[in-house]
1. Per the helix-only calculation at 222 nm, which mean residue ellipticity applies to the chain, given -39500 (n - 2.57) for every DSSP H run of n ≥ 4 and division by its residues, nearest 500 deg cm²/dmol?
2. Applying a 10 Å radius around every beta-carbon, put 336-342, 493-499 in order of their mean neighbour count, most first.
3. Going through segment 191-234, which trypsin sites (Lys or Arg not before Pro) have at most 11 other Cβ atoms within 10 Å and a DSSP loop state?
4. Arrange the peptides 155-161, 407-413 so that the one whose residues have, on average, the most other Cβ atoms within 10 Å appears first.
5. Which residues among segment 315-335 fall inside the zone where the amide N is under 16 Å from a point 7 Å beyond the Cα of residue 468, along Cα→Cβ?
6. How high is the FRET efficiency from residue 234 to residue 403, r the C-beta distance, R0 30 Å, rounded to 0.05?
7. Less than 14 Å Cβ to Cβ from residue 35, Lys/Arg counted +1 and Asp/Glu -1: what total charge do the surrounding residues give?
8. Output ³J(HN,Hα) for segment 150-163: one whole-Hz value per residue in order, computed from phi by the Karplus curve 6.51 cos²θ - 1.76 cosθ + 1.60 with θ = phi - 60°, and x for Gly and Pro.
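Throughout, read-outs are computed from the coordinates displayed, never taken from laboratory work. All figures in this text were calculated on a predicted structure; none of them were measured in a lab. We place every Cβ from the backbone using ideal geometry, glycine too, and count neighbours over all the protein chains shown.
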Amino acid sequence: MKLAKALGSVGGLTLASRILALVRDSLAARYVGAGFASDAFNGVAFRLPNMFRALFAEGAFSAAFIPMFNRKAAGPGGVAEGYHFAERALAVLLPVLVVFTALLIAAAWPITWALSGGFSRQNPTPEQFAFAVMLSRITLPYLALISLASLLGGILNSLDKFWVNAAAPILLNVAMIAGLWLFHGADEYETARVQAISVTVGGSLQLLWLIWACRRAGVSMKLKRPRFDADVKELLRLIVPAAAGAGASQINLLISTALSGWLLASGSITYIYYADRLNQLPLGLIGIGLGTILLPTISRLLSTGQDRQAMDTQNRGIELALFLTLPATVAFITVAEPIVRGLFQYGRFTVEDAERCGWALSAFSIGLPSYVLVKVLTPGYYARGDTRTPVRYAMLSILINILGNIVLIPLMGHVGPPLATALSSTVNVAMLYSTLVKRGHFAADGQLRRRLPRLAVAAVAMGGVLYAGEGVLDPWLGGAMVQRYVALALLVGAGIALYGVACFVTGAYRLSDLKALMRRKSATKTENG
């Protein structure tokens, strides 16, 4: 399996999902704006399900489950033994999720207060806070739905059916777009309620899709009586530290949101949320896609004694991650405000809202390479059964994030939390990388060392041209919807073209690399033909 080809499959579906998410957020900005209702939904009701999706569907459960499943499937019993292990995991996971979700719904009031800092600066009325609690109760069932879906998705990823799991988030976005487009209310509060309902509907669709896909793939599991045998205990032992390690950025964002609700004025949580959604676009396409592919690939190579191939795979993963991430980072720093204006400045979302959101996006994007590299480097630990080292580093990065928020919010307002998150993630990556190197589990090869500085120069050159030419498209970015999307498409297309040219000019990639790639494609077609 070629890494770039697998990423293309996962990345293409993730791109479709993220584009739909931008459409969803554009509609939300138009109908809900940036006030208490949007802060209640984005900062609490949708934040908690998003965090659990990152921790379980894209993080902890996959990190613990997939290597164990692969080891079982590679044993004497074959893939049937892997399915038997998955059945035992499901038997324990299902009742735990039901009880956990029920407890969270019962405790929605204190959870809402903790996640929002009580919206202290906004001084909400009792009715407004009760509204925020209600939104949380509506969305909390999504936690159980997405956790069950993550088990099924982990099985499919282990069978190299990456595209099925990557397609599932599309259903959530379709449900939310349908809710906003067809059932938005007369005011922002009614529309926020519709958003919350559509989250749980979308989670149900995701789970049903993965159940259907598993049956199509010949994976059939029966519900059994829960038993805490040695394998299940090992799985649970690995999940807890993996949750903190894989979800450090989400935990950081959760803390930043709570401090923002406590210390910042109305609308600040929404600015941070929309900026994060844009920042998540390349992270979802590149980091999550690569992490999804690398974990089963590296664990399979290590389990068969192919250590050198595993290291080469991780080298190419880092190279591919930074090749795709660096231009997005530079673009979000140099032309953040035009991008936000073109996507979100509608209806209730004002010019001032777009400007403030753009500042937050620039701050977030400073850490974009590190957000992606966390996803690329942690499989090097999880594939070796080490979930404790990433959690130690994640805890330290969370501490740095808290201190950064406390220092930066009084100085920079709503820009402080995104900048603190970026800095803490950068520290996390530095620790993950240096430890892998010290243990002899990773060494940057000659190709990686040659290309990275050239890629950085190419990205900066692209950013300079975009910044100088942004004024040409500026009138279109404030026009009708079609004009905005055309302008944004031109901006993105120009950035891609400029970066591609700069990569060849700087020598990051040579013509011989392109010819070699075309030869490999021709050889693959001949073999398959």
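1. That calculation yields -27000 deg cm²/dmol at 222 nm.
2. The most tightly packed comes first, giving 336-342, 493-499.
3. Passing both the DSSP loop test and the Cβ count: 222, 227.
4. Descending mean neighbour count gives 155-161, 407-413.
5. Within reach of a label on residue 468: 334-335.
6. That gives a FRET efficiency of 0.30.
7. Net charge around residue 35: -2.
8. Here the 3J(HN,Hα) series is 5, 5, 5, x, x, 4, 5, 4, 5, 8, 6, 9, 5, 5 Hz.
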